[in-house]
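The values are calculated or read from the model by the stated rules, or taken from the named source; none is laboratory data. Bear in mind that the values here come from a model prediction, so they are computed numbers and not experimental data. Heads up, the Cβs are rebuilt from the backbone with ideal geometry, glycines too, and the neighbour counts pull from every protein chain shown. For the accessible areas, the whole protein counts, side chains as well, though only heavy atoms, and no ligand, DNA or RNA atoms are used. Shrake-Rupley method; radii C 1.70, N 1.55, O 1.52, S 1.80 Å.
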Amino acid sequence: MRVFRGVKDLGDLDGALREAFEIKADRFKYHDLGRNKTALLIFFNNSLRTRLSTQKAAMNLGMNVIVLDVNQGAWKLETERGVVMDGDKSEHLLEAIPVMGCYCDVIGVRSFARFESREDDYNEKILNQFIQYSGRPVFFMESATVHPLQSFADLITIEEYKECKRPKVVMTWAPHPKALPQAVPNSFAEWMNAADVDFVITHPEGYELDPQFVGGARVEYDQMKAMEGADFVYAKNWSCPGVTRPEDYGKVLNMDRSWTVGARQMAVTNNARFMHCLPVRRNMIVTDEVIESPRSVVIPEAANREISATVVLKRMLESL
Ligand code: AN0
Ligand code: CP
């Protein structure tokens, strides 16, 4: 695997899930695969889980790991071509990327949506340059539009906790005070559409996700109706995707706390498991009561990030 950005990159999804459970049962099984290989993890944005779980995954495979927080200690990077660099940026991404590629065998990159241009974000302007110029396999650690390591971990979690063959999975928008990217809901939708689940998306009007990710999923604007009989409730905030009104791209249009997932919503589900990728703002996205309840699986979900990353790095090592 030379690029990991979406569910299709894994090929047969059942096979990938089997591999995930094999690794979960013995996470050091492929420890010799990464000997003298180096993973470079580049962060343009903050992270707790991705940073730790991906390092742990690389260590499971016997790899060496280098982590770089671009905004702490590296030179300030220019990303636009053709700019006269007489400002505060000392280096261009077009040199920085191939240089980074010199010191590693695989590269993971976190670079969130910037919300300056919908076109640049949805064209994955930054990640595509890493693919083009690093000379290394590249895996996405949350790009402008996708967060595949998260969605793979989410799918592993659903497989582990489902109590029927084809569970009902409801992804609900929830309020948040700051503009957040659409990467997590985009990927979650993409992965759920590929999995054997009954998938429903619910959000206020104006928050329609990009059709390339929604695919054939059912969209229900009435949150309570969507929740009925759910086996899994996946909460997430996202800012306006700008599908119906491009001028609203990246804006916070709604802070309606009646969408906060609480006992009222959970009461109409099929005793659903509660999921969130974390970090989560309590009593904005979800009440203390729901996230602390025995039906909350947010911690095992985070734990599965190590497993999804181990599978992905293993596949990349096998392609070197
Ligand atoms: C990020 C987001 O919503 O995309 C990362 C989630 C994994 N969240 C925040 O920035 C709070
Ligand atoms: N879920 C997730 O990716 O968390 P971090 O932003 O802490 O890495």
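Accessible area per residue for the stretch 71-188, computed on protein heavy atoms with a 1.4 Å probe, is 42 Å².
A simple spin-label model places the labels of Met284 and Met224 2.6 nm from each other, with each point 7 Å out along Cα-to-Cβ. When only the Cβ of Lys, Arg, Asp and Glu is charged (+1, +1, -1, -1), the dipole of the stretch 239-288 relative to its Cα centre reaches about 140 debye. Note: relative contact order over the stretch 164-320, using C-alpha pairs below 8 Å and six or more positions apart, is 25 percent. Here the relative contact order of the stretch 207-256, from alpha carbon pairs under 8 Å that lie six or more residues apart, stands at 38 percent.
Take the Cα of Met255, step 7 Å toward its Cβ, do the same at Asp12, and the gap between the two points is 5.1 nm. Excluding ligands, DNA and RNA, the accessible surface per residue across the stretch 253-295 is 51 Å² with a 1.4 Å probe. Ranking Gly34, Gln132, Thr172 by Cα position along the charge dipole of the chain, where only Lys, Arg, Asp and Glu carry charges on their C-beta atoms, puts Gly34 farthest toward the positive end. Let me know the shape class of the chain, please: from the alpha-carbon gyration tensor, a ≥ b ≥ c as square roots of the eigenvalues, rounded when a/c is under 1.5, otherwise prolate if a/b is greater than b/c, or oblate. It comes out oblate by the Cα gyration axes. Within the shell of other residues whose beta carbon sits under 14 angstrom from the beta carbon of Met255, the net charge comes to +3, with Lys and Arg scored +1 and Asp and Glu -1. Under a model in which nothing but the beta-carbon of Lys, Arg (+1) and Asp, Glu (-1) is charged, the stretch 175-267 shows a dipole of about 380 debye around its Cα centre.
How charged is the neighbourhood of Gln132? Take every other residue with its Cβ under 13 Å from the Cβ of Gln132, and add Lys/Arg as +1 and Asp/Glu as -1. Intermediate results must be reported in sequence, preceding the final value.
Numbers: positive: Arg2, Arg81, Lys125, Arg136; negative: Glu124.
Overall, the nearby charge balance is +3.
Within a straight-line Cα-Cα reach of under 20 Å, Lys24 can be paired with the following lysines, leaving aside sequence neighbours fewer than 8 residues apart in one chain: Lys56, Lys162, Lys314.
So if R0 is 56 Å, what FRET efficiency would Arg295 and Val3 give, r being the distance between their Cβ atoms, rounded to the nearest 0.05?
0.95
Ligands, DNA and RNA left out, the accessible area of the stretch 171-320 computed with a 1.4 Å probe is 50% carbon and sulfur.
In this rough spin-label picture, where each label sits 7 Å from Cα along the Cβ direction, the Lys165-Arg114 distance is 4.9 nm. Less than 11 Å Cβ to Cβ from Ala302, Lys/Arg counted +1 and Asp/Glu -1: what total charge do the surrounding residues give? Around Ala302, the charge tally is -1.
By accessible area, using a 1.4 Å probe on protein heavy atoms only, the stretch 1-138 has 48% of its surface on carbon and sulfur. Judged by the ratio a/c of the largest to the smallest principal axis of the C-alpha gyration tensor, the stretch 190-239 counts as oblate, that ratio being 1.5 or greater while a/b is no larger than b/c.
The calculated FRET efficiency for the pair His31 and Ile66, based on their C-beta separation and a Förster distance of 25 Å, comes to about 0.85. The calculated FRET efficiency for Asn271 paired with Arg81, based on their beta-carbon distance and R0 = 41 Å, is about 0.15.
Would the stretch 127-234 count as rounded, prolate or oblate if I go by the C-alpha gyration tensor, calling it rounded below 1.5 in a/c and otherwise prolate when a/b exceeds b/c, oblate otherwise?
Here the stretch 127-234 falls in the oblate category.
For the chain, the relative contact order comes to 20 percent (Cα pairs under 8 Å, sequence separation of at least 6). With +1 on each Lys and Arg Cβ and -1 on each Asp and Glu Cβ, and nothing else charged, work out how big the dipole of the chain is about its Cα centre, in Debye to the nearest 20. Charge dipole of the chain: 620 debye, to the nearest 20.
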